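Sharing a structure here in structure tokens format.
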Amino acid sequence: MAAAHRPRLAVWKFASCDGCQLSVLDLEDELLAIADRVEIANFREASSAVAEGPYDVSLVEGSITTAEDARRIREVRARSRLLVTIGACATAGGIQALRNFADVEEFRRIVYARPEYISTLTTSTPIREHVAVDLELRGCPISKAQLLETISAILTDRAPNIPGESVCIECKRRGNVCVLVARGTPCLGPVTQAGCGAICPAFHRGCYGCFGPQDTPNAASLSPTLAALGLSPGEIQRFYRTFNAAAPAFRAAADAEARGRP
């Protein structure tokens, strides 16, 4: 009898800090349990051994910040049956998307002694703006539990169960006292997707939105609340422009503050 086909997994890096790839490596015990069902064919962070594509699943970390990135992601897409973006950089441009609101040429001139050697785009954009994406896993870094759920779902040919609700739901499950209401602490939890386990509110800190906008964010209602807590329009703008500056809902909320929110 012929051996069952093992899905071929590839992991790719674009502009990022490698934190989400490290989250994949942190799954070493869990991956051992399914090692005989998955072939890790291309994962430069873990092994120098590389098998040529095509690949059944590609996990992509990082944003597109150079013309070479834009070319390479099209090549990855062409060689992948399923393409899953992992982390805030890949799904929303990451912290480096702050360049989208500044003069990149000035940065290049000030930072680098020979700026003519630096080839970069003026924007940092998520993968979905360049190729079709089958699934996005949010976070900075991603949730190991969500990654394992995604791999398990692919192996069993089902849709992964990734929540789209807000961090507030996770706070309720943990029994956290609401830092926004009870402490007057600015918090993006009401508009941010669950997945982190409400870590920051559990330690009496406001959510910084590292998992990006939830399915139905209502930033238009949250922004006046943040202003009532004493945040200036500029501070609110910066609050939304952190890990997921290029996420449409957060970008719209930040732009509203720049316009002088109606």
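Place a +1 charge on the Cβ of each Lys and Arg in the chain and a -1 charge on the Cβ of each Asp and Glu, then give the dipole magnitude about the Cα centre in debye, rounded to the nearest 20.
Once rounded to the nearest 20, the dipole reads 520 debye.
Skipping prolines and chain starts, which residues have an amide H placed within reach, meaning under 5 Å, of the one on residue 194, given they are 5 or more residues away or on another chain?
Here 165, 166, 167 satisfy the definition.
Taking amide H positions as placed 1.01 Å from N in the peptide plane, with prolines and chain starts having none, which residues 5 or more places from residue 58, or on another chain, fall under 5 Å of its amide H?
10, 82, 83, 84
Using the count of nearby Cβ atoms within 10 Å as a rough guide to exposure, how do 162, 34 rank from fewest to most?
The order, fewest Cβ neighbours first, is 34, 162.
Work out the charge dipole of the chain with +1 on the Cβ of Lys and Arg and -1 on the Cβ of Asp and Glu about the Cα centre, then indicate which of 225, 188, 10 is farthest towards its positive end.
Working it through, the farthest residue towards the positive pole turns out to be 225.
Continuing with this model, one more query. Can you give me the long-range amide H partners of residue 43? Hydrogens built in the peptide plane at 1.01 Å from N, cutoff under 5 Å, separation of 5 or more residues or another chain.
11
Follow-up. Among 119, 152, 63, 124, rank each residue by its count of other Cβ atoms within 10 Å, from fewest to most, as a rough exposure measure.
The fewest-first ordering by Cβ neighbours comes to 119, 152, 124, 63.
Now a separate question. What trypsin sites (Lys or Arg not before Pro) in region 1-87 are in a loop by DSSP, with at most 13 other Cβ atoms within 10 Å of the Cβ? Please list the in-between numbers first.
Details: sites: 8, 13, 37, 44, 71, 72, 74, 77, 79, 81; in loops: 44, 79.
Filter output for region 1-87: 44.
Among 126, 163, 141, determine the one that fluctuates most according to a GNM of the chain built with springs between C-alpha atoms less than 10 Å apart.
In the Gaussian network model the winner is 163.
Moving to a separate point now. Nearest-5 percent of antiparallel DSSP beta bridges in the chain?
Beta bridges within the chain, antiparallel portion: roughly 25 percent.
Of 73, 102, 132, whose Cα points farthest to the positive end of the dipole of region 17-134 (charges on the beta-carbon: +1 Lys, Arg; -1 Asp, Glu; origin at the Cα centre)?
102
With Cβ to Cβ distances under 14 Å as the rule, what net charge do the other residues near residue 115 carry (K, R +1; D, E -1)?
-1
Magnitude of the Cβ-charge dipole of region 143-184, K/R +1 and D/E -1, about the Cα centre, nearest 20 debye?
260 debye
Only sites in a loop by DSSP and with at most 14 other Cβ atoms within 10 Å count here; which GluC sites (Glu not before Pro) in region 14-83 make the cut?
In loop regions of region 14-83 (DSSP not H, G, I, E or B), the sparsely surrounded GluC sites (Glu not before Pro) are 45, 52.
Right, here's the next one. Along the positive direction of the dipole of region 167-259 (beta-carbon charges: Lys, Arg +1; Asp, Glu -1; about the Cα centre), which of 244, 203, 254 reaches farthest?
203
What is the fewest-to-most order of 69, 36 by other Cβ atoms lying within 10 Å of their Cβ?
Fewest-to-most Cβ neighbours within 10 Å comes out as 36, 69.
As a check on your grasp of the helix formula, calculate [θ] at 222 nm for the chain: sum -39500 (n - 2.57) over DSSP H runs of n ≥ 4, divide by the residue count, round to the nearest 500.
Mean residue ellipticity, 222 nm, calculated: -10000 deg cm²/dmol.
Once phi is turned into ³J(HN,Hα) by the Karplus curve 6.51 cos²θ - 1.76 cosθ + 1.60 with θ = phi - 60°, what whole-Hz value does each residue of region 16-27 show in order, with x for glycine and proline?
Values, residue by residue: 5, 9, 6, x, 6, 5, 5, 5, 5, 5, 5, 8 Hz.
In whole percent, what relative contact order does region 36-187 give with Cα contacts below 8 Å and a gap of six or more residues?
Values: 183 pairs, mean separation 33.1, N = 152.
This gives 22 percent for region 36-187.
What's the longest piece of the chain with no exposed chymotrypsin sites (Phe, Trp or Tyr not before Pro), counting a site as exposed if DSSP puts it in a loop and it has at most 12 other beta carbons within 10 Å?
Numbers: sites that count: 112, 203.
So the longest stretch without any such site is 1-111.
Bear in mind these aren't lab numbers, they're just calculated from the coordinates by the rules spelled out. Everything numeric here is computed off the predicted structure, so don't read it as measured data. Heads up, the Cβs are rebuilt from the backbone with ideal geometry, glycines too, and the neighbour counts pull from every protein chain shown.
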